[in-house]
1. Would you check if there is a residue in region 182-197 being surrounded by 18 or more Cβ atoms within 10 Å (Cβ to Cβ) and out of contact with any Leu (no Cβ under 9 Å at 6 or more places or on another chain)?
2. Would you check which residues across region 235-280 are of a type in the set (A, V, I, L, M, F, W, C) and within 26 Å of residue 43 (Cα to Cα) and list them?
3. List the residue pairs whose Cβ atoms are under 8 Å apart, where the first residue sits in region 190-216 and is at negative phi and modelled with pLDDT of 95 or more, the second is open to solvent by 60 Å² or more (accessible area, probe 1.4 Å) and not in a helix (DSSP H, G or I), and the two are 6 or more positions apart or on different chains.
4. Quick one: in region 226-238, of everything that is under 24 Å from residue 72 (Cβ atoms) and in contact with a helix residue (DSSP H, G or I) (Cβ under 6 Å, 6 or more places away or on another chain), which residue is farthest from the ligand (Cβ to nearest atom)?
5. If I ask for residues that are open to solvent by less than 30 Å² (accessible area, probe 1.4 Å) and free of Cβ contacts under 8 Å to residues at least 24 places away in the same chain, which ones from region 84-97 would you list?
6. Out of the residues in region 36-83 that are of a type in the set (Ser, Thr, Tyr) and either outside any loop (DSSP other than H, G, I, E, B) or surrounded by 17 or more Cβ atoms within 10 Å (Cβ to Cβ) (or both), state the one that is nearest to the ligand (Cβ to nearest atom).
7. Would you check if residue 104 is part of a helix (DSSP H, G or I), in contact with a helix residue (DSSP H, G or I) (Cβ under 8 Å, 6 or more places away or on another chain) and away from the ligand (no atom under 15 Å from the Cβ)?
8. Pick from region 109-144 the residues that are surrounded by fewer than 17 Cβ atoms within 10 Å (Cβ to Cβ) and hydrophobic (A, V, I, L, M, F, W, C): which of them is farthest from the ligand (Cβ to nearest atom)?
Amino acid sequence: MAPDGTRTSPRYGVRHVTGAAVTVRFFPGVPVELVHSGKVRELYADGDDIVMVASDRVSVYDVVLPTPIPGKGVVLTQLSLWWFGQLTDVIANHVISGSDVPAQWAGRAIRCRRLRMLPVECIARGYLAGLGLAAYNETGTICDVRLPPGLGEGSRLPEPVFTPTTKAAAGHDEPMTRADLAALVGARVAAELERVTLEVYRRGAALAAARGILIADTKLEFGLAPDGALVLADEVLTSDSSRFWPASQWQPNRPQRSLDKQFLRDWSAGLDWDRKPPGPVIPSDVVAATRARYQELYTRLTDRNA
Ligand code: PZK
């Protein structure tokens with residue numbers, strides 16, 4: 001057993017995770033190695049490249065449910081690829097190819113340049129929700145930015161704000177100040193992260209607003225190329241990294257309706273479930289409705305058919 005919890009299969013020479021909570025995967029003939037397994041995505045190494053694979057798993061209240069949403073991984077991958085393309089004049093990205101990937105992951109995988117990832121989640125917020133709302137309610141500030149009084153859940157902020165957090169290996173991500181960020185990555189990179197994160201948010205929010213969708217906030221991850229250039233990595237402006245709200249239903253001072261997961265939330269709220277794992281099996285009508293919402297989000301944003 002290697003220190004990272006993987007071992008090499010004597011049968012296939014494929015390394016796989018043996019931890020009880022993680023699906024053991026055998027891909028005979030596929031020259032990739034699982035390097036990281038997230039709640040809904042996996043990361044493989046393939047020579048010098050990495051291959052990021054989005055599953056059809058879905059989480060509600062941070063719990064991965066046992067029932068997949070067919071098509072979700074493909075739709076989110078295609079949305080992310082589309083956004084990367086929209087943003088090339090803002091920032092370079094890690095995409096090598098959306099098509100040169102192992103055939104069994106066609107559509108749901110992206111071949112990427114391997115970067116030195118920065119240990120920070122770069123969040124831009126245009127509306128108050130989630131951890132931003134919690135910080136505001138406690139201190140009137142988020143990541144040392146003072147906000148006007150009287151804002152509530154779902155309020156639009158006067159200006160988008162950059163609210164970086166640490167990437168905790170376990171437990172919850174912690175808000176960082178600008179000084180924390182500069183100490184971690186250096187003043188030059190810190191300033192660049194703030195500028196690029198806010199620009200990606202502004203571009204995305206403007207484009208989505210023209211299609212009737214509000215982007216409340218988004219989380220970006222960046223890495224450094226071997227020459228030191230800052231590169232946008234991970235996924236971008238998908239509903240697993242951002243909050244999308246239908247503009248027509250937005251109303252401050254209440255939780256907002258999520259464009260994709262509201263069916264799941266509404267259904268699960270009516271169950272006798274304590275929001276701890278294991279999550280409930282999703283009935284087929286709720287699967288179908290959720291699936292349609294992911295497709296609608298994609299089509300509304302990109303004008304393409306999902
Ligand atoms: C990298 N993650 C997050 C975790 C996922 C993704 N281009 C890159 N080079 C090196 N490492 C990464 C990336 C990217 N993107 C991304 N962790 C490392 C992550 C789990 C599943 F799909």
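1. No, the conditions are met nowhere in region 182-197.
2. Hits for region 235-280 are 236, 237, 244.
3. Listed pairs, sorted by first residue: 214/250; 215/243; 216/243.
4. Step by step, filter region 226-238, then rank; the result is 237.
5. 97
6. Out of the qualifying residues, it is 37.
7. On the way: part of a helix (DSSP H, G or I): yes; in contact with a helix residue (DSSP H, G or I) (Cβ under 8 Å, 6 or more places away or on another chain): no; away from the ligand (no atom under 15 Å from the Cβ): yes.
It is false that residue 104 is part of a helix (DSSP H, G or I), in contact with a helix residue (DSSP H, G or I) (Cβ under 8 Å, 6 or more places away or on another chain) and away from the ligand (no atom under 15 Å from the Cβ).
8. 134
The values are calculated or read from the model by the stated rules, or taken from the named source; none is laboratory data. Model, not experiment: these values are computed from the prediction. Positions of Cβ are backbone-derived with ideal geometry, glycine not excepted, and every protein chain shown enters the neighbour counts. Note: accessible area is taken over every heavy atom of the protein model, side chains too, but ligands, DNA and RNA are not part of it. Shrake-Rupley method; radii C 1.70, N 1.55, O 1.52, S 1.80 Å.
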